[in-house]
Structure formats: structure tokens, C-alpha cells
Protein chains: 4
Amino acid sequence: MSDIKLRVALLGAGRIGQEHCRTLIADPRIQVVAVCDPRLEAARQTAATLPGATATDESREILSSSEVDAIIICTPTDSHAQLIEEGARAHKAVFCEKPVALDLQRTKQALKVVEESGVPFQIGFQRRFDSGYAEARKRIARGLLGRIDQFRAVGRDPGPPSKEYLAKSGGLFLDQAIHEFDLARFLVGEVQSVFAVGVVRFSDDAADLGDVDTATTILHFENGALGVIENSRRAVYGYDIVTEVFGEAGKLVVQAERKTPLRFFREGGSEQDHHHFFMDRFRDAFRAELEAFFTAVLERTMPSPGAADALGALRIGLAATQSQKLGRMVKLAEID
Amino acid sequence: MSDIKLRVALLGAGRIGQEHCRTLIADPRIQVVAVCDPRLEAARQTAATLPGATATDESREILSSSEVDAIIICTPTDSHAQLIEEGARAHKAVFCEKPVALDLQRTKQALKVVEESGVPFQIGFQRRFDSGYAEARKRIARGLLGRIDQFRAVGRDPGPPSKEYLAKSGGLFLDQAIHEFDLARFLVGEVQSVFAVGVVRFSDDAADLGDVDTATTILHFENGALGVIENSRRAVYGYDIVTEVFGEAGKLVVQAERKTPLRFFREGGSEQDHHHFFMDRFRDAFRAELEAFFTAVLERTMPSPGAADALGALRIGLAATQSQKLGRMVKLAEID
Amino acid sequence: MSDIKLRVALLGAGRIGQEHCRTLIADPRIQVVAVCDPRLEAARQTAATLPGATATDESREILSSSEVDAIIICTPTDSHAQLIEEGARAHKAVFCEKPVALDLQRTKQALKVVEESGVPFQIGFQRRFDSGYAEARKRIARGLLGRIDQFRAVGRDPGPPSKEYLAKSGGLFLDQAIHEFDLARFLVGEVQSVFAVGVVRFSDDAADLGDVDTATTILHFENGALGVIENSRRAVYGYDIVTEVFGEAGKLVVQAERKTPLRFFREGGSEQDHHHFFMDRFRDAFRAELEAFFTAVLERTMPSPGAADALGALRIGLAATQSQKLGRMVKLAEID
Amino acid sequence: MSDIKLRVALLGAGRIGQEHCRTLIADPRIQVVAVCDPRLEAARQTAATLPGATATDESREILSSSEVDAIIICTPTDSHAQLIEEGARAHKAVFCEKPVALDLQRTKQALKVVEESGVPFQIGFQRRFDSGYAEARKRIARGLLGRIDQFRAVGRDPGPPSKEYLAKSGGLFLDQAIHEFDLARFLVGEVQSVFAVGVVRFSDDAADLGDVDTATTILHFENGALGVIENSRRAVYGYDIVTEVFGEAGKLVVQAERKTPLRFFREGGSEQDHHHFFMDRFRDAFRAELEAFFTAVLERTMPSPGAADALGALRIGLAATQSQKLGRMVKLAEID
């Protein structure tokens, strides 16, 4: 097996973990050596699809093994920070689904360990690897739009998550809007201040938990541009993700109009379908982010998005959460 | 001329006045009897295209004439309120381009005269007559969207007006965003509070005048929905008007993707043109609003949008202007 | 009325005649002096909407009047040729709805009279004045596509005409496809030979009359390009008109995707409406063709499309009709 | 390796073979045991990416091995028929890229061996597995369109293949249009007769070889519907594949408007990219067709498209080739 260059362990055999398997199995540069999940049976089932992988319910084993070069963390959010720290201390390259933690201090602490250890670290903002967003970023970096004046993002899910999930989610701004906050940073730059409003329109669960299900956030960017983000926990037509960057030389719109390349003209007009699930829309991006992580690790370059990006989006999310509660503009400098 | 049912005078022979001529000349129900403009030559040229119309530079003549049933006010903004009052007192039906006035008290005063006189009054929010907006309104009224949760409008002009125009315009929120404020009321309902941010990105004239050229406004509707409006005084690709209403049963998007029904596939992809000028986009709406006014007058029903709509949009514009200056949410109840 | 430069008579107060009134009344360069229709009441009703126009059921009056400069022929097809001849002999400028006649010899005869009289003559292929087709032609003329290799047109009506209409129509190729044949000549050039197939799929009337309701026609152009035209007498979703010109440097597609600038995202996807009636789609073109005719007459240039275009499309239609019957390729040189 | 259910050998390590590797490596149900290519080094390089696979330049080894359950034939066309026969005789399940052979008798002979052996056989018409085409087929089968009246397909490649390739290709109708012929059968049904025209517009190679580079083909379906197919060997804007099925209840259009979900609004209008390469457009379909083959083999159902489909499309291609040469309609019954 001299062609396998990277030995990988998968931590977490849930939905995202299984999705990542499709990439792991197809990438000839890597060998999955272990799958870890506290639910041992889940670990076993997933491992069975990965030739040569063993199953375990004990992450320590993996982290202490000299047979593991990199870990992919797909466990529940509240375990991320600790696994990142342990992985970094054990000198593993670390890929972690977002977020590091919902708490600023915990996040900083974990990322400090990463920094001190010097291990490659990547956070799972997969949209950056979508062909539309990646191309938009490239064109903006080349100056295609000139000075950027306005940013807009929409993020609407087909339906709200369970109450259990919501309760641990950190709220709409930290759980859902965080993807739009990352796109704002990715495409336009650092944010200076935030004004957010949020309301409950349909979710009793959100109401019970003091969360919101519908929100709009204004961003002031450090470069002077304005941004606006609209979120909803439920869109009956499906997963609605649109992003626009407007500048002096034009406007870029990233939007996937339909899922199936088919249009039906029937009495009265025509119709087409819509992406319904985030995985429909971003399957290729999930694959590309892992491939990019492995490439960076193998080529000994720093993966991206990294610690600064994990922290950057979190701070906007915390500022938005606070603004929504206080009813005033909140500066990112206040979030510390 | 027994077939002519309505005798109309046109006040103002500028760009909009001339555009309205296309409608006036083609509507068999009306007879234009006079064109008035302080620039007598302009009045004469316009009258020459309207069989049977005389030209004058004196509006009093028109207002005191028993041969005039209705007036179309297309003069500069600062004369609107007085002409409305004089027309109403002379028992003419009144159509007036927006706004009545930039000042709340002056507007209220003029509209009070209208109310007391009982004359038919229509304000020139022509977008309401665009087939897209009109259909959206109908569907929403029928309950197609169910509960409405979010509203979004974009308004971008191809380029900023002259400094002279800007100086009298009342600022971006009262001059440009007012159209989006009207759409918000038209499609969703009354607004309770407003938060607006505005910046200068490119216009030295705006900076000199203490105005902004780029702005984002958040609306809280009385029914609990959230709205957001993005404006810019300059879009290099043309006139950018998009509106979305998002509700529990779906989303309506009013958007005119291109001007010419032509797409060119060339090396690397495909391209199409874009509406460049508001008249490109809304020519049919300008015609339809006048036809609706004449229909209402002839059928003795109240034209719409009327006084409450003129006032409603103005109050949002004033609240946004104030919010942008104060840096805080402003309630419409404060605007009085 | 010194500004009125052209005195026009409208022959035929049917659907198209009435549609043209909208243009006639709004064009300050012309004065409609008479409306003629064998149904005098129809003539009167139409004349009543045109200030200054008289009504008659006697076309001789109009043709012999020195008060008439131009005639607009919107009568039934079988009267076109004679009216054209009479108009030309009376030195009137002539605009005639297509076709001149369904018979080649009769058409040639009438056009010979036009030629000998030297009067301005325009045939009503209104699509040439649609902004999409006009722009496509301009770009092709400028060489945007380089060598043209393929042409495609679709023509589908929302539903078949009455049996009475069908019986006099000349058949699908002469009545419906003729518009696509004209576009072929307009955008690509002269046609050398034709192969057409036609079938009856749904119309008993077509079957009874020996006509077809569904057809496909291949064109060989003189410049070597290939063309294909698809026609149907019924499309449940509406009026389906699409044209493509494919060349060495790309492809132009003329297509009006929807009627109302509105899209509805609802459970399962999104939907939009469609043009249902040819007047929806080509209203502006009907206006523009008459304006172009008046401009040409007033500026003493030859209007276009003219006699050669009337004849050119007819010959393709006759060749297609023959090919469909013979089951073989027919050269246009055979049609004489 | 008890989870591996199917042992597969890959014959041919060229472009398509390598593309299939992405699927082979990621499908946990299969084990690639061998890669065969007369260029042994190519076989070795490809085998190196497939854990557990050996390399060989001798297909007999593979066909005689009891360790191989199925073969994937991606070799040059002229070896297909023999490999199919040998595979079938050795009781392997056979997946073969199209075509079986360019010659009708050779094709029939090979398919007869397949039939007699009873092995699962699938031909590589991958478009059938594209989500757009698959969904169109499903809807048509459910009766969504009612009676089908017209079929249209466009097939344009970004550029012509090499002269060497062209010389062995069998000509445009058998090499390129064959995909559209298969779609015609897949979506509408059997074809009764064909009329094809073809010209040389740009390719000296095609001219030298007596081939064409631009063609239009009319199809008469057995169910009475009409079809038309346009092909070109070169489209400057990229890979142009559009298919429409028009019926009494509407029209289905399968079309992938752009490659990247990104639109750029710039001075004068907006632009988007286009699929440039067939692999851009059909990558998912290439994966899905192999997965479907493995599923069928494992579930002991007959894979589809199979022998009848390989033969059906070939016969249309041969009829079109003959029609283009003879200048007349050719019945499929003549092709035997």
C-alpha cells in the first residue's frame, strides 16, 4: 500500500460522517484506518464500507495511535473543541465540522492549542468549495467588481431542526446564519459592526427556547460596504441559498436555480424543481473541501478556511445574537 | 365630441409629462384640452402633438376653467402640494406624480384639502400597475403565500442624478427608496419601525449634500414580518429592480431578467441584455396607471393609490432618513 | 392640422384592424380619415374611436378619394390581391397583412401592379419588428455569428382556428409556417430546397380538409446552411415561438420565456406563466411595423418587408406544401 | 472481503476507462480485480489507483479467470464485438461502451451470442441516467404529456475529433447523432423512417473522408409523432445538448443552462458560463449507469439499456447515413 500517503480516522458516523465516506473511499491518496463513534454499531457499519478500516467507540485509541495522520471530526458540536485540542496535541492534522464551539472563550482556547501545535487545521465551511462561490471569490480577488458596495445573502432551510437540536444549537445566528457570515468574510472581508433583528413566525420550539426562526442582519464591513442577510428556518419550496456581491463594475449572483435540468411547460406556464436539501445543493462542495484538506496536508501547506475563519464567523454570530437581544448595532470589537 | 368623456389638462411638459402624452393621445375616453408649462415653448411643442390641446404657461387659467375635468401634475416636486390644493378646491380630479411634498406637514395639509374637497386623487406610484407587481398583489390578497414572513426589495439606478436634482430630492430615502417603501406597503402592509444605514461610496455630490448613495433599510411590519431594502444610486449593468415576498406557502419574485428577448451563446458562455432605464422597465405601468385613473374618475370610484398611500410611503422615508442619522431603530409613531 | 403628414384609410375593422387602431390613434404623424368594412356597423364603431375618421362599407370611395395617402389592408385574405392592385393603381401607399394571396400567379400579378405603379408597399410580417428578431438580424448582419450553419424555428399556436378559417387558410405551411419561413429568409437568406413532413395528430377539421396539424420542415439555404422548422396548431401551454441561428461564432436564441415578470416558488419548485396569444407576444411588433411603414412613406424610402419578401415566403410555403404531399425534397426553382 | 459481491475487470484504460475508475473505487459493492490494456503501462497506472487490482495486457487471462464476474469494456470500438462475445461465452456480465460495432451484421452476431449466453448486458448510453432525462422518461411513462406529437434533440460538440478518430467513427450519424437516436427511442419509442441531410461547413477532414460535420435528421416514429435532430461537430460556446418532447399536455425540455451556478451582471447585461465538455455535463450519469449495471447484476435483473437498445439506435444511424446519401426518406425496415 505504498501509494497511500495519508492515514485518516473518522470521528463521528452520523449523517455528515457517512456523507464524507463517499469522498474518503474514492480518494486514492488516503487510507481510512479507523471509524470512531460512541455508538459502536454505527462505527462498525460505517467501517464496513471502508476497506481496511477498524471500528471503535473510544477516541483516545485513535488519538494515541501512531498509525493515524489526520482526523476528521464529525461528532456533535459540544465535543469539537476537546477533540481538536487532543488531536492537535497528538500532532494529527485536524479537519473539523463547524463550529469549534458556541462559546468564544472555548473556541479561542482550542484554536490556541492548534496554533501552538502547528498542525494543519481546517474548519468545515464547505460552501467555499462550491464552484459558484469559489469562482465568485476568484473573480472578486482579480478585481472584476472593483470596489464592493453591497453584499446580500439568503439562507433558508426547508424546515426547522428538532427541538433537541435547537436547544444545543446556539440559536439561529450561530447555527444557521453562520454560513452566511462566513460567505460575507470570504467574498467581501472583515465585518466591523452588526445589526440584527429576529422574530418567531412559526416555530413554537424556537419561542420556547428564546430563539428566533426568521431574521435579518445588516453588516457594516471594514471596507465600508454594507451587507444584509436574510434567514428563515423554513421554506416550503426547499433549500434557498442565494448570494450577491454588488460592486462598482457589476454584480455577481451565486444561485442554483433548479436541481434537475428539466423544465415542464404545461397549461398556464412552466415549472421546474428546486434543491430541497443542503446535500443536494452542496454535495460536490463537501467532497471538494475534504480533497482540499488532504491536498494541503500532503503538500504541507496550510489548509483554508482555518482557525481565523472559524473565529471570524463565530464573532459575527455572537454580535448578531447580542444585537438582536439589545435592539442596537453591535461592534465586533465588543465581542471579546 | 360626445364620445369624449373626460377633459384633461397636463401640467408639466418635462420628461414624464411627455411620456404620459403617449397614453393621453391613445385613450379614446379622454380629450386633452390644455398643456401648461412655465416654459411656454415646451407647452406648445407638447400641445402640438395632442389634437385639440391649447398651450399655456399659466396654471390658474386651467384650474379656473370649467372645460377641465381632471389635471395630471408632472411639474417639479416643490409645486405639487399647491397645485393639488388648487386643483382640489377647483373640483378637478387630480393625478400627481410622487411625492406630494418632501415635508410631512405640507403633505398632510395638501391631502387634507383633497379629503375635504372629495375629489378623486391618485399618486404616481406606477410600479403598482406593472403586470408583475399587480399579479403578485392579487395572489397575496388571495392568500397564495399564507402568512408573510419576509419582504425584500432592491432598487438600483443606472447612475446618480445631477447635483441640482439631488439637492432638492429630499435624499436617497425620500427620493429613490420611496418606491420600495410603497411596494412594501402594497405587498405586505403597514410598517411599524425602520432601521436604516447609508453610506457614500462613489458620489461626491451626495457627500457634499450630506446625502448617501448606498443604503440598506430594515422594516418591521405591523403584521410581524421583516423586510429589507437595498438601494444604490449607480449600477453599471442598468436599472435593477427586484422584489421578493416570502411566506409560509412560498415566495414570489418580481424580476424582469432582460430587456430584449434574445440570448447570445458565444465562446465561454452566454449573455443577455438588461433593462437600463426605468422607462424601459415600467413603460407599460406608466400607461396603465393613467388608464386606471381615468377609469376610476369616469366610473366614480376612488382611484388608488391615493392620499393614504402618498402619506404612508413618505412616513417610512422620513423614518429611514432619521434612523440613518440617529443610528437607531425609529418607530413610525415618532414621525408625526 | 398642419402637423398631420399622412392621411390613412383602414380597410377591415376586424381583430387585427382594431389592434392597429391603437397605433394609428397614437401616431401624431398620421390622420385616419376613413374606416371601411363591409359590415358598416363595425366600420362605424371603429371609426368612432378615431377622431376625424368617417365610416364606409364601400372601398371604392376610399380608393378614389384624393384625401387618402395610404391604405392599411386588414380584410380577409381573398380580398388582399385586388385591394392591393386597386390601391396601387390609385397611387396609395399600401400596407397589407400577409399574405397577398395563397396562389403564386395571383400574388405575382398583384405585386407586378405594385411594382409598375411604384407605390410604397409593405407586407405584414410583424415579427421582423420585434426587438428580439430585429436585434438578431442586426447582429447577424454585423457578422457576429460569422458563417451561419443551422437555423431553427418553432411555431406553435395555443389552439387551432375554426374549420371555416382552416378551409380558406391554404394549409398549415401557407398559413402558420409562413411566419417561420419569413424569419428564415430574414435571418439567414434565400432557401434553395425544402423537405416537409406533416401529420394529423388531433384536429379532425384538418383531417377532413386534407390539411395537417403538426409538421416539420427542413430547409436548405442557398448559402449552404441547414434549417429546420417545427409547427403545431396546438400547444396547451400557450403560444410557442422560438428561433435559433447557429453559426461559427455562436448561437442567437430569440425567445420570450414568460409573459409576467413574476416567478412563484412553491412546494416542490417554481413556476412562471407563458405568452398565450400571439398578441401578447408581438403587440409591440405590430405597433412598430406600422410606424416603420409610415416613416418610410413620409421619408420616401421603400418600406420593408416588401414585395420580394411576400413572394419569397410564399414560395417556400408552396414548396413545403408540395414536398409534404410528394414525400420528397422540392426545389424552390420548381415553384413558378 | 465478504462484503464485496461483484468482482469486476476493466478492459481499456483510456479516458472513459479512467473516468469509470472514480465510480469503481467508490462503490463498496464491487472489487476491481484487474485492469487490462494492450498498453501495459497504462493498465498498471490505472490498476495502481484501484486497491487490489492487477494489471495485464492480455484480455484472455481476464476472460478465462473464475475470479471475474463482470467486465467493463472501454476499449476502441473495433474490439467491442469480439470482447462482448468472449465475455458472454465466459459467462461474465458485460457492460460495453457504445457501439457494439458500426456494422449491422457484426452487431447482430455479437448480440446473438449475448442472448444465447443469457448474461446480463448493458450498453453505455449514459444520458439515460442523467437526472433530467431519467425524470423526463418517468413523467412520460406516467402519461404526463399524454399523446406525444413532436420530439427535438440538439447535439453539438465543442469541436470535431481528430481525423484518425473520424476515419473509424462510422460517420456523424453513427458516432455523434447515435446518442440523440437513443434518446428518441428512450423518450418517444420506435422509429419507422428517417430523412437526413448533412453538409460540410468547416471540417476538411470530414470532407476528405466523405463524412459531414453538420446534419439535420427527421424521424417518423411508429406512434405517429415527428422528430427532428440537429447535429454539429463544433459549437464555439461548448457542448450543446438540448432535448424537447412535446405532447398534448405540454412540453418537457431537458437542458443544462450553465455549468457554474454563477451569473455576472456587467455593463450592458449579464453573462453565465456553459458546459464545455460532455464529461462536465454527464459526469453524474456516467457514474449512475455503472451503479445501475452493478445493481442489476447483483439483483439478477436485466440491465437496461440492453441489446435491443444497442441495435435500435444503430439501425436509425444506418438509416440516416443512407438517407443522407440517397437524398430520400429511408424506412427502418430497409435496414436489415
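The values are calculated or read from the model by the stated rules, or taken from the named source; none is laboratory data. Being a predicted model, the structure only gives us computed values, none of them experimental. Note: ideal-geometry Cβ built from the backbone for every residue, glycine included; neighbour counts use all protein chains shown.
Collect the residues in region D:265-309 that are in contact with a Leu (Cβ under 9 Å, 6 or more places away or on another chain) and among the aliphatic types (A, V, I, L, M), keeping them in residue-number order.
Within region D:265-309, D:L290, D:V297, D:L298, D:A307, D:A308 meet the criteria.
Considering region B:281-336 alone, what residues qualify as being outside any helix (DSSP H, G or I) and more than 25 Å from B:K112 (Cα to Cα)?
Within region B:281-336, B:G327, B:R328, B:M329, B:V330 qualify.
Regarding C:K92, is this residue surrounded by 23 or more Cβ atoms within 10 Å (Cβ to Cβ), of a type in the set (K, R) and farther than 23 Å from C:L174 by Cβ?
Values: surrounded by 23 or more Cβ atoms within 10 Å (Cβ to Cβ): yes; of a type in the set (K, R): yes; farther than 23 Å from C:L174 by Cβ: yes.
Spelling it out, C:K92 is indeed surrounded by 23 or more Cβ atoms within 10 Å (Cβ to Cβ), of a type in the set (K, R) and farther than 23 Å from C:L174 by Cβ.
Could you figure out which of (1) out of contact with any Gly (no Cβ under 7 Å at 6 or more places or on another chain); (2) crowded, with 22+ Cβ neighbours inside 10 Å isn't true of B:G159?
Of everything listed in (1) out of contact with any Gly (no Cβ under 7 Å at 6 or more places or on another chain); (2) crowded, with 22+ Cβ neighbours inside 10 Å, B:G159 misses just condition (2).
Can we say B:D309 is charged (D, E, K, R), within 22 Å of B:D130 (Cβ to Cβ) and in contact (Cβ under 8 Å) with a residue 60 or more places away in the chain?
yes
Go over the candidates C:A285, C:A256 one by one and state the one that is more than 8 Å from every other protein chain (Cβ to nearest Cβ) and closer than 28 Å to C:G143 by Cα.
Criteria check complete, one pass: C:A285.
Could you list, in sequence order, all residues of region D:17-43 that are over 23 Å from the mean Cα position of the chain (by Cα) and in contact (Cβ under 8 Å) with a residue 60 or more places away in the chain?
D:R29
In this structure, does A:A206 turn out to be small (G, A, S), on the phi < 0 side of the Ramachandran plot and either surrounded by fewer than 18 Cβ atoms within 10 Å (Cβ to Cβ) or within 14 Å of chain D (Cβ to nearest Cβ) (or both)?
no
On the given criteria, is B:L183 crowded, with 23+ Cβ neighbours inside 10 Å and either facing another protein chain (nearest Cβ under 8 Å) or aliphatic (A, V, I, L, M) (or both)?
Values: crowded, with 23+ Cβ neighbours inside 10 Å: yes; either facing another protein chain (nearest Cβ under 8 Å) or aliphatic (A, V, I, L, M) (or both): yes.
It is true that B:L183 is crowded, with 23+ Cβ neighbours inside 10 Å and either facing another protein chain (nearest Cβ under 8 Å) or aliphatic (A, V, I, L, M) (or both).
In region D:66-81, what residues are surrounded by 17 or more Cβ atoms within 10 Å (Cβ to Cβ) and closer than 17 Å to D:V8 by Cβ?
Hits for region D:66-81 are D:V68, D:D69, D:A70, D:I71, D:I72, D:I73, D:C74, D:T75.
Return the residue satisfying two criteria in turn: it lies in region A:188-203 and is within 12 Å of another protein chain (Cβ to nearest Cβ) and in contact (Cβ under 8 Å) with a residue 60 or more places away in the chain, and of such residues it is surrounded by the fewest Cβ atoms within 10 Å (Cβ to Cβ).
Result: A:Q192.
Here is a check on your reading of the model: is B:K112 within 13 Å of chain C (Cβ to nearest Cβ) and charged (D, E, K, R)?
No; evaluated as a whole, the condition is false for this residue.
Restricting the first residue to region D:72-93 and requiring it to be part of a loop (DSSP other than H, G, I, E, B), which pairs with a second residue that is basic (K, R) meet a Cβ separation below 8 Å and a spacing of at least six or different chains?
The qualifying pairs are D:P76/D:K168.
For C:L219, indicate whether it is free of Cβ contacts under 8 Å to residues at least 60 places away in the same chain, facing another protein chain (nearest Cβ under 10 Å) and surrounded by 21 or more Cβ atoms within 10 Å (Cβ to Cβ).
no
From the list A:S59, A:S65, A:S79, which one is touching a strand residue (DSSP E or B) at 6+ places or on another chain (Cβ under 6 Å) and polar (S, T, N, Q)?
A:S59
Only one of these conditions is not met by B:V228: (1) of a type in the set (V, I, T); (2) within 8 Å of another protein chain (Cβ to nearest Cβ); (3) within 30 Å of D:K259 (Cβ to Cβ). Which number is it?
(3)
Considering region A:313-336 alone, what residues qualify as being more than 14 Å from every other protein chain (Cβ to nearest Cβ) and farther than 23 Å from A:I16 by Cα?
So in region A:313-336, the residues more than 14 Å from every other protein chain (Cβ to nearest Cβ) come out as A:313-319, A:321-322, A:332-336.
Of everything in region A:313-336, those that are more than 14 Å from every other protein chain (Cβ to nearest Cβ) and farther than 23 Å from A:I16 by Cα turn out to be A:R315, A:I316, A:L318, A:A319, A:T321, A:Q322, A:L332, A:A333, A:E334, A:I335, A:D336.
If you go through region C:45-63 one residue at a time, do you hit one that is at pLDDT below 95, under 27 Å from C:R315 (Cα atoms) and in a helix (DSSP H, G or I)?
no
Would you point out the residue of region C:17-37, among those that are β-branched (V, I, T) and part of a helix (DSSP H, G or I), that is nearest to C:D284 (Cα to Cα)?
C:T23
Could we say that A:I84 is among the hydrophobic types (A, V, I, L, M, F, W, C), buried (at least 23 other Cβ atoms within 10 Å of the Cβ) and away from every other protein chain (no Cβ under 14 Å) here?
The answer is yes for A:I84.
Take the conditions acidic (D, E) and in a helix (DSSP H, G or I) and apply them to A:E67. Does it pass?
Judged against the criteria, A:E67 is not a match.
Quick check: is even one residue across region D:243-263 under 26 Å from B:F265 (Cα atoms), basic (K, R), without any contact (Cβ under 8 Å) to a residue 40 or more places away in the chain and touching a helix residue (DSSP H, G or I) at 6+ places or on another chain (Cβ under 8 Å)?
yes
Could you say which residue among D:E291, D:E248, D:E244, D:E271 is at pLDDT 95 or above, closer than 20 Å to D:I73 by Cβ and within 14 Å of chain A (Cβ to nearest Cβ)?
Of the residues listed, the single one that is at pLDDT 95 or above, closer than 20 Å to D:I73 by Cβ and within 14 Å of chain A (Cβ to nearest Cβ) is D:E291.
Mind listing just one residue for me: the one in region D:185-195 that is touching a Lys or Arg at 6+ places or on another chain (Cβ under 9 Å) and of a type outside the set (S, T, N, Q) and, of those, farthest from D:R315 (Cα to Cα)?
From region D:185-195, those touching a Lys or Arg at 6+ places or on another chain (Cβ under 9 Å) are D:186-187, D:191-195; that's our starting set.
Filter once more, so that each one left must be of a type outside the set (S, T, N, Q): D:186-187, D:191, D:194-195.
Values: D:F186: 14, D:L187: 17, D:V191: 9, D:V194: 10, D:F195: 13 Å.
Checking each candidate, the answer is D:L187.
Among the residues of region B:98-113, count how many are surrounded by fewer than 23 Cβ atoms within 10 Å (Cβ to Cβ) and under 16 Å from B:I71 (Cβ atoms).
2
Being surrounded by fewer than 20 Cβ atoms within 10 Å (Cβ to Cβ) and without any contact (Cβ under 8 Å) to a residue 40 or more places away in the chain is the filter here, so list the residues in region D:272-282 that pass it.
Correct list: D:Q272 only.
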